[in-house]
Each structure stands twice: as structure tokens, then as C-alpha cells.
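Reading through the C-alpha cells given below for one structure.
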Amino acid sequence: REFVCCSKNGDTGDKESPKSALHRFFENVYGPFLMKTASKVAVLGIFGAFFAFQTYRFFAKTDMGIRQSDIVLDGSYQKDFFVLNEENFVQYSADFTTKSTDFSDTNVQLGVMMAYRNLKSSPWVDSVGGAGDGAMALDSIRNTLHPSEWVNTTICTANNESYCEQVPSSTSGAFCRVYSTIPESEFYYAFNSYLAGLGGLSADGFICCRANDTECENQISCFEVANEFPTTSPNRSTHSADFQLFALRTSVTLLQQKTVDDFVSAIESTREFTDACNFLPSPSFTNSVEGQNISFSGSRWTFVTGYTFKYYAQYLHSHNDLYTTCGWILLGIFLTVFLFQVSLRNSLITCVVILGVMMEVAGVISELPDCKLN
């Protein structure tokens with residue numbers, strides 16, 4: 001027997017619920033408004049403007065790094081002390097340091113002088129204060145000798161602004177400078193005379209060791225030079241000469257160090273200006289007169305360091321580390337979306353949207369008073 005189920009007046013029992021006011025608003029007003037061409041253009045324009053503004057804020061206005069005044073307790077005397085120093089005392093000293101296998105080598109001395117002159121031309125370094133062209137002691141050591149004993153060498157550069165290059169003197173527009181160095185045979189006797197006078201007050205700027213201690217693992221007093229190269233004994237063949245100057249340093253003054261960005265810029269600049277000279281002068285002098293009396297048996301490494309370098313060099317890579325991290329994140333998102341959807345378009349759209357959000361959030365760093373890129 002068959003049964004037919006039906007309802008009175010064709011009523012199936014399903015009744016449509018009345019739409020809420022919010023539902024009707026989105027269906028009849030908000031939805032159609034968003035789908036209009038003008039609305040789409042406006043949304044993209046507002047998003048793009050906000051993205052551009054936040055990107056500008058991040059790159060131009062974000063403070064990088066933490067100063068000492070940022071980590072001390074507000075209202076304490078340490079806070080006042082550090083703020084006063086950071087805002088008013090904006091010059092810091094840095095050490096121009098050279099390590100060499102043979103400071104008596106005239107080529108090494110030339111390289112130190114070229115690097116020191118070039119460093120002083122950095123906009124972040126005081127070009128007036130500090131030592132002479134010979135970087136602290138080299139000038140003073142040389143001055144213990146009569147000028148007739150100096151080794152004068154001419155090195156030419158392409159222009160007056162550069163020190164760390166070599167061109168033939170015949171080069172059009174070349175600017176030639178004379179460098180006076182200490183003869184190799186006289187270097188340590190002159191060094192002895194220097195330390196015996198006022199130079200002894202700067203003995204902490206030298207590192208000395210025995211002649212066969214190539215890594216200077218066992219330092220000795222630099223005043224030992226008086227025993228190894230005595231100026232009072234004319235018969236030099238009897239001198240033991242078991243002594244070497246391993247490293248020396250001199251101070252330069254860094255200017256306008258107000259912010260961590262200034263510290264980073266000064267570190268980059270001083271390294272750039274110094275590193276440019278680390279393989280000069282070269283033995284490939286094209287003019288034999290320029291290279292006369294110059295030996296090339298020694299090697300050297302010149303660099304700049306100091307207080308600001310020790311504490312703020314970590315920020316040299318802050319931006320690169322941030323960009324690298326964000327790049328890997330976006331790559332991971334791209335690959336994940338592509339793995340599940342197999343769509344290049346969807347993967348790219350997702351990455352672009354996330355990149356936009358990342359930059360908008362990054363711009364907030366500059367808008368919060370206690371937030372910095374660290």
C-alpha cells in the first residue's frame with residue numbers, strides 16, 4: 001500500500017525567517033556600495049596611500065638602536081646624566097690601529113700615512129685635531145732623525161681629494177704628495193730615541209714583542225728597545241736586535257655623534273676610508289723615481305675601532321637582518337599557498353597583501369615613543 005504525505009494548503013513546514021536590519025543593511029546598502037567601481041578605486045587608493053605613508057615613516061622616521069638613557073629608570077639621576085651627555089657631548093674618540101709584520105719597512109710606513117690622511121678626509125672625522133700625517137708616533141719617531149736621513153717618496157693620485165690610490169706622475173691632472181718615512185736601518189734606533197723622550201708618555205699606544213714572536217703571543221715592554229737597539233753603542237753589529245714593534249694606535253675624533261644612526265654612519269665611513277688603503281702602496285710603481293728606496297717585504301693591517309664601534313657596530317646589520325627575515329617569511333608563505341592551491345596568482349596576491357600589512361605595522365614603530373628598531 002502506498003502512502004502519500006502532504007500538508008494542508010501545500011505548506012511544507014519550512015518558513016523563511018525574517019531578515020534582521022543588519023542583514024538588510026549589508027545586502028541592500030553596504031554590499032552594492034562596495035561593488036561599485038568608484039568604491040573599489042577609493043579602497044585601493046586609501047590602502048595605497050596608507051601603505052606609502054607607513055613605508056615612509058618606517059624608512060625615514062624610525063629610530064634605530066638603544067642608548068643608555070633608554071634603559072635607565074625615568075626620574076633617576078642616571079637618566080639626567082645620560083641625557084645630558086648624549087645631547088651635548090657628541091664627539092667621541094676612536095683608535096686608528098695598525099698591526100704589521102715589519103714597521104721598519106718603508107712601504108708599511110707609507111701605507112699607514114696614506115690611510116691616516118685618507119681617514120682624516122672622512123666627513124665624520126675631525127680633520128684638524130689629532131696627530132700629523134704619520135699617525136701619532138711615526139712623525140715623532142721620524143723627527144728624531146735629521147731631515148737629510150728621511151726617505152722621501154712621491155705618490156700621485158688622480159685628484160686632490162683622494163689619498164688611497166696610485167697613478168703615474170705623468171697622468172693628466174695627477175696630484176702628487178711627498179711622504180717622508182724612516183729608513184729601515186734607522187727605525188728602531190729612532191724608536192728608542194722617541195721613547196727616551198716625551199714619547200715615553202705614549203708607550204701605552206704600542207704593542208711590542210720579540211723578533212721571532214710572529215703573533216706577539218708574549219708581549220714585552222716597549223722600553224726593551226733600549227737594550228736591543230741602544231743608541232749609546234756605535235757598533236751595531238753587537239746589538240741583539242731581538243725586538244719588534246707589533247702594533248700601534250693613535251686617536252682621532254668623531255664628530256656629531258648624536259644618534260645611533262650617526263654612530264653607524266661614522267663606523268661605515270671610517271672603515272670605508274681606511275680599508276681603501278689597506279693594500280697600498282703597491283710595488284707596481286710605473287715611475288722608478290717614485291719607488292726608489294722603497295721595500296715591500298712587510299705587510300700591515302690598518303683598522304679603526306673605539307667605544308662607539310664596540311657598542312653600536314651591532315646595528316650595522318639591523319636593517320639587512322630585518323629584510324632577510326621578512327624575505328624568508330614571504331617566501332615560506334608563497335610556497336605554502338602554492339602547495340595547497342597550486343596557483344601562482346593566489347600565492348602572489350597573498351604575499352602582496354601580507355607585505356602591505358607588514359609595512360603598515362612596521363611604520364607604527366616610528367609612531368610609538370618608546371619603540372625602536374633594535
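The values are calculated or read from the model by the stated rules, or taken from the named source; none is laboratory data. This is a predicted model, so every value here is computed, not measured. Here Cβ is always computed from backbone atoms with ideal geometry, including for glycine, and neighbour counts include all displayed protein chains. Just so you know, the surface numbers come from the protein's heavy atoms only, side chains and all, with ligands and any DNA or RNA stripped out. Shrake-Rupley method; radii C 1.70, N 1.55, O 1.52, S 1.80 Å.
Tell me the relative contact order for the range 62-178 as a rounded percent, counting alpha carbon contacts under 8 Å between residues six or more apart. Kindly include the intermediate steps, with their values, before the conclusion.
On the way: 86 pairs, mean separation 17.6, N = 117.
Answer for the range 62-178 is 15 percent.
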Return the carbon/sulfur percentage of the accessible area of the chain, one whole number, probe 1.4 Å, all protein chains in place. 58
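When ligands, DNA and RNA are left out and all protein chains stay put, how many square angstrom of accessible area per residue does the chain have with a 1.4 Å probe?
Numbers: 22060 Å² over 374 residues.
Dividing the accessible area of the chain by its residue count gives 59 Å².
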I'd like to compare 17-23, 344-350, 117-123: which one has the highest average count of other Cβ atoms within 10 Å, and what's the full order after that? 117-123, 344-350, 17-23
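For n ≥ 4 DSSP H runs only, could you compute -39500 (n - 2.57) per run for the chain, divide by its residues and tell me the 222 nm figure to the nearest 500?
Result for the chain, helices only: -12000 deg cm²/dmol.
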Alpha carbon convex hull of the range 49-113, projected area averaged over orientations, nm²: 9.6
What lysines sit close enough to K120 to cross-link, taking a C-alpha to C-alpha distance under 23 Å and skipping anything fewer than 8 places away on the same chain? K99, K258, K310
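Mean Kyte-Doolittle of at least -1.0 and a Cα length of 27 Å or more along the axis: which whole DSSP H helices of the chain meet both?
Values: long enough: 37-56 (28 Å, 1.17); 318-341 (34 Å, 0.98).
Passing helices, by number: 37-56, 318-341.
Only loop residues by DSSP count here, and only those with at most 16 other Cβ atoms within 10 Å; note down the chymotrypsin sites (Phe, Trp or Tyr not before Pro) in the range 298-374 that meet that.
Values: sites: W301, F303, Y307, F309, Y311, Y312, Y315, Y323, W328, F334, F338, F340; in loops: none.
The qualifying sites: there are none.
Rounded to the nearest 20 debye, what is the charge dipole size of the chain about its Cα centre when +1 sits on each Lys and Arg Cβ and -1 on each Asp and Glu Cβ? The partial results should precede the final answer.
Numbers: 25 positive and 39 negative charges, 348 e Å.
So the magnitude is around 1680 debye.
Can you give the FRET efficiency for R177 and N235, using 1/(1 + (r/R0)^6), R0 = 51 Å, r = Cβ-Cβ distance, to the nearest 0.05? Don't jump to the answer; show the numbers that get you there.
On the way: r = 38 Å, r/R0 = 0.74.
That pair, R177 with N235, gives E of 0.85.
If packing is taken as the average number of other Cβ atoms within 10 Å across a peptide's residues, how do 56-67, 184-195, 250-261 rank, most packed first? Show your work: numbers first, answer last.
Details: 56-67: 15.7, 184-195: 21.2, 250-261: 18.0.
Output ranking for 56-67, 184-195, 250-261: 184-195, 250-261, 56-67.
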For Cα Rg over 2.2 N^0.38 Å the list reads (1) 1.02; (2) 1.67; (3) 1.12; the calculated value is entry (2)
Just from the alpha-carbon atoms, what are the Rg and Dmax of the range 173-232 in angstroms? 14.7, 49
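Mean 1/r over all different Cα pairs, inverted: what Kirkwood radius does the range 55-160 give, in Å? Display every interim value, and only then the final one.
On the way: mean 1/r = 0.0550 Å⁻¹.
18.2 Å is the Kirkwood radius here.
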